[in-house]
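A short write-up of the structure that comes next.
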Amino acid sequence: MTNEKMLLYVQTSDNPERQYSPLVLAQTAKAMELEPLIYYLGQGLRILLPGAAEKIKLGSFPSIKEMLDQTLQMGITVYVCEASKQMLGWDKVELIEGVKIVGAGTLNDLVLDAKGSLWF
């Protein structure tokens, strides 16, 4: 059954210019009393390595680290694909605190349950 308030934002890229959109949109959705979720997979996981997000700051926006911290503090769940970690050879690599490592099937379930999804 579709959750009428859930919006799913999927981050697949480590491109600095593509990092802000899912975070800004998820924070905005939360302020609108919706239920945003963010799911990182593939190359997107590179941003979640400790120290990586601090290096990305574009224009007058805060750094991606600050945006991720704010997103997590707002109670927005950030999922990470376990299969993507394995694909990158990161079985023992630690990611930033606060993200939830989940199986690939979780993404399918989230897409089916969400009112809408956006991919970056």
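The values are calculated or read from the model by the stated rules, or taken from the named source; none is laboratory data. Bear in mind the structure is a predicted one, so any value in this text is a computation, not a measurement. As a convention, Cβ positions derive from the backbone with ideal geometry for all residues, glycine included, and neighbour counts pool all protein chains shown.
Give me the pairs, please: first residue somewhere in segment 1-13 and in contact (Cβ under 8 Å) with a residue 12 or more places away in the chain and within 14 Å of Cys81 (Cα to Cα), second residue anywhere and part of a loop (DSSP other than H, G, I, E, B) and among the aromatic types (Phe, Trp, Tyr), beta-carbon distance under 8 Å, and either six or more positions apart or on two chains.
Pairs that qualify, where the first residue is in contact (Cβ under 8 Å) with a residue 12 or more places away in the chain and within 14 Å of Cys81 (Cα to Cα) and the partner is part of a loop (DSSP other than H, G, I, E, B) and among the aromatic types (Phe, Trp, Tyr), are Tyr9/Phe120; Val10/Phe120; Gln11/Phe120; Thr12/Phe120; Ser13/Phe120.
Quick one: in segment 28-51, which of the residues that are in a loop (DSSP other than H, G, I, E, B) and under 14 Å from the mean Cα position of the chain (by Cα) is surrounded by the fewest Cβ atoms within 10 Å (Cβ to Cβ)?
Within segment 28-51, the first condition is being in a loop (DSSP other than H, G, I, E, B), and the residues that meet it are 32-34, 41, 49-51.
Subsequent filtering for residues that are under 14 Å from the mean Cα position of the chain (by Cα) retains 41, 49.
Values: Leu41: 20, Leu49: 15.
Checked segment 28-51; the qualifying residue surrounded by the fewest Cβ atoms within 10 Å (Cβ to Cβ) is Leu49.
State yes or no: is Gly75 on the phi > 0 side of the Ramachandran plot and at pLDDT 95 or above?
Numbers: on the phi > 0 side of the Ramachandran plot: yes; at pLDDT 95 or above: yes.
When the stated conditions are applied, Gly75 passes them.
Hey, can you tell me all the residues within segment 24-74 that are out of contact with any Cys (no Cβ under 9 Å at 6 or more places or on another chain), over 17 Å from Ala114 (Cβ atoms) and small (Gly, Ala, Ser)?
Ala31, Gly51, Ala52, Ala53, Gly59, Ser60, Ser63
Return the total of residues in segment 46-87 being of a type in the set (Phe, Trp, Tyr) and under 17 Å from Thr12 (Cα atoms). Full working, then the answer.
Applying the first criterion (of a type in the set (Phe, Trp, Tyr)) to segment 46-87 yields 61, 79.
Narrowing the set further to residues that are under 17 Å from Thr12 (Cα atoms) leaves 79.
Residues meeting the conditions: 1.
Do you know which residues across segment 2-18 are charged (D, E, K, R) and either within 17 Å of Leu45 (Cβ to Cβ) or not in a helix (DSSP H, G or I) (or both)? Talk me through it step by step, then tell me what you get.
From segment 2-18, those charged (D, E, K, R) are 4-5, 14, 17-18; that's our starting set.
Of everything in segment 2-18, those that are charged (D, E, K, R) and either within 17 Å of Leu45 (Cβ to Cβ) or not in a helix (DSSP H, G or I) (or both) turn out to be Glu4, Lys5, Asp14, Arg18.
Regarding Ser21, is this residue in a helix (DSSP H, G or I) and either in contact (Cβ under 8 Å) with a residue 40 or more places away in the chain or over 15 Å from the mean Cα position of the chain (by Cα) (or both)? Give the steps one after another, and end with the answer.
Numbers: in a helix (DSSP H, G or I): yes; either in contact (Cβ under 8 Å) with a residue 40 or more places away in the chain or over 15 Å from the mean Cα position of the chain (by Cα) (or both): yes.
So Ser21 passes the test.
Residues of segment 57-105 being buried (at least 17 other Cβ atoms within 10 Å of the Cβ), in a helix (DSSP H, G or I) and not charged (D, E, K, R), which ones?
Ile64, Met67, Leu68, Thr71, Ser84
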